1. Being more than 27 Å from ARG58 (Cα to Cα) and away from the ligand (no atom under 13 Å from the Cβ) is true for just one of ARG424, ARG400, ARG395. Which residue is that?
2. So, of the residues in the range 87-112 that are part of a helix (DSSP H, G or I) and touching a Ser or Thr at 6+ places or on another chain (Cβ under 8 Å), which turns out to be surrounded by the fewest Cβ atoms within 10 Å (Cβ to Cβ)?
3. Could you tell me whether any residue of the range 381-393 is open to solvent by less than 30 Å² (accessible area, probe 1.4 Å), on the phi < 0 side of the Ramachandran plot and in contact with a helix residue (DSSP H, G or I) (Cβ under 6 Å, 6 or more places away or on another chain)?
4. With respect to LEU374, is the statement that it is out of contact with any strand residue (DSSP E or B) (no Cβ under 7 Å at 6 or more places or on another chain), open to solvent by less than 10 Å² (accessible area, probe 1.4 Å) and either acidic (Asp, Glu) or within 16 Å of the ligand (Cβ to nearest atom) (or both) true?
5. Since GLN37 meets every condition but one in (1) touching a Leu at 6+ places or on another chain (Cβ under 6 Å); (2) open to solvent by 10 Å² or more (accessible area, probe 1.4 Å); (3) in a loop (DSSP other than H, G, I, E, B), which condition does it not meet?
6. Would you check which residues across the range 231-245 are open to solvent by 80 Å² or more (accessible area, probe 1.4 Å) and among the small types (Gly, Ala, Ser) and list them?
7. Restricting to the range 169-191, what's the tally of residues that are touching a strand residue (DSSP E or B) at 6+ places or on another chain (Cβ under 6 Å), open to solvent by less than 50 Å² (accessible area, probe 1.4 Å) and within 18 Å of ALA108 (Cα to Cα)?
8. Among the residues of the range 135-161, which ones are polar (S, T, N, Q) and either open to solvent by 10 Å² or more (accessible area, probe 1.4 Å) or not in a loop (DSSP other than H, G, I, E, B) (or both)?
Amino acid sequence: MSAQITEYRLDGIYRQRQEGFFMQRVKLAAGVISSEQARAVATAATRFGKGTVHLTTRGSMEIHWLKEGDLLELKSFFATVGLTSRGACGGAVRGVTCASQGAAGFPAVEAMARRLHRHFTANTRFERLPKKFKIGIEADAVGRRHLIQDVGLVLSASDDNGARYDVYVAGGLGREPQPGFLFEAGVAEDRIIPLIEAIARVYSAHTPAGKRLKYLISEIGEGEFRRLVSLEPSASEVLPPVTGLPENLVPVLGTRRIVAPVYAGELTSDQLQALSAFSDQFGGGILMVTADQDIAFHVDAQLDADKTTSALERIGFSGHQVTFRVCPGSHLCLVGLSPTRDVARTLHESMGPAAKNLNWALSGCPNSCTQPQLADVGIVSSSLQKDEQGERSPRFDLYRLGAEGLGNLVEQSLTLDELCSKVREIV
Ligand code: SF4
């Protein structure tokens, strides 16, 4: 791979599996995007790609099938609508995620996500880190997403004195899933950014290239890590309070949340255009990419529910589908081990009606981008093995979520047929 192509990563660009094509990821703070910006993504996907947009579990949008010669023009085009991809891939602070968009505390969380996004995006002090550095911010701990971040923030209080967050660190999935641990409880919001800076500096200074923060903790231990962070001047710094008008875009009070289910996070440009128009009419011009790869809207609670439901149905989004998070896998991703979309369709055929009561996730490799260890039923394509005919075919690991923490590995190295049998036993 040329040095230049590696450099593209910090601009949110990865090489695609197909030679000569690239994927561009767009970072969205807490998954929130305006309809004007969503239209720009749809237009770009048509103009530069093949007219498809992939929604990720981290609230980003991805466009595939891009040619190298178009990447600069695409970057400029996104800049005209205030979209950025800087740090969306590579060793940087990635998009700030939020899985609790509908919660009462979301306005405070969204505002904080915007501040974090603004502070760390294109901040060269926090680029060229040993590996990716993920921040997630949640209004509650229900979805357990705070456990899988390098820094996971959970809103613990919000009043006239500002918000406070419980700060978890060093979580991550991949080949060795590790839940984050509580680093400090009830941190005031004006200490959050300097504290994360201190954590990122320690990570950067003490971790070999290619390793996440969880690796550093396994090497030096929690106590030594806390000591190193405490030596950083910013660890105890308090920023001046943020004053002025609130900067969150999504209203929660007086609204009703509605979700357009997007199977496996696959949208066409036309569908994204239609959802943007729906948002202009009913959702205040705001769309949200959810942690389950759907698109959500907060509509005025006074609006007739039937009217909004039928409007969504008219543009092709209806019904309560099986929630199934699916990454692009070997269809598009360089490291994918299985054709995830085909596998998901096969699994669907093995599912009974009870499948709708569960949350499912399938990842195309152990990187676990769809967070299978946080799904009721999580599937990881774990290896490729030769069958009797000498053909290499994927094997799958199965995870089931327990009462707390990350999901437990319950089956390993299943063939697709064996996996289908297990799915039939579950539902
Ligand atoms: S889980 Fe693996 S195959 Fe799927 S998108 Fe992530 S890196 Fe690619």
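1. Details: ARG400 fails: more than 27 Å from ARG58 (Cα to Cα); ARG395 fails: more than 27 Å from ARG58 (Cα to Cα).
Result: ARG424 is the single residue among ARG424, ARG400, ARG395 that is more than 27 Å from ARG58 (Cα to Cα) and away from the ligand (no atom under 13 Å from the Cβ).
2. Here is the first cut: in the range 87-112, the residues part of a helix (DSSP H, G or I) are 106-112.
With the extra rule that they be touching a Ser or Thr at 6+ places or on another chain (Cβ under 8 Å), the set shrinks to 106, 108-109.
Working: PHE106: 27, ALA108: 23, VAL109: 27.
Checking each candidate, the answer is ALA108.
3. No: zero hits.
4. Working: out of contact with any strand residue (DSSP E or B) (no Cβ under 7 Å at 6 or more places or on another chain): yes; open to solvent by less than 10 Å² (accessible area, probe 1.4 Å): no; either acidic (Asp, Glu) or within 16 Å of the ligand (Cβ to nearest atom) (or both): yes.
Against the criterion (out of contact with any strand residue (DSSP E or B) (no Cβ under 7 Å at 6 or more places or on another chain), open to solvent by less than 10 Å² (accessible area, probe 1.4 Å) and either acidic (Asp, Glu) or within 16 Å of the ligand (Cβ to nearest atom) (or both)), LEU374 does not qualify.
5. It fails just one condition, (3).
6. SER236
7. 3
8. Going through the range 135-161, the residues polar (S, T, N, Q) turn out to be 149, 156, 158, 161.
SER156, SER158, ASN161 - these are the residues of the range 135-161 that are polar (S, T, N, Q) and either open to solvent by 10 Å² or more (accessible area, probe 1.4 Å) or not in a loop (DSSP other than H, G, I, E, B) (or both).
The values are calculated or read from the model by the stated rules, or taken from the named source; none is laboratory data. Here the structure is a predicted model, which is why all the values come from computation and not from measurement. Cβ coordinates were reconstructed from backbone atoms using ideal geometry, including for glycine residues, and neighbour counts include every protein chain displayed. Accessible surface is based on the protein model in full, side chains and every heavy atom, while ligands, DNA and RNA are left aside. Shrake-Rupley method; radii C 1.70, N 1.55, O 1.52, S 1.80 Å.
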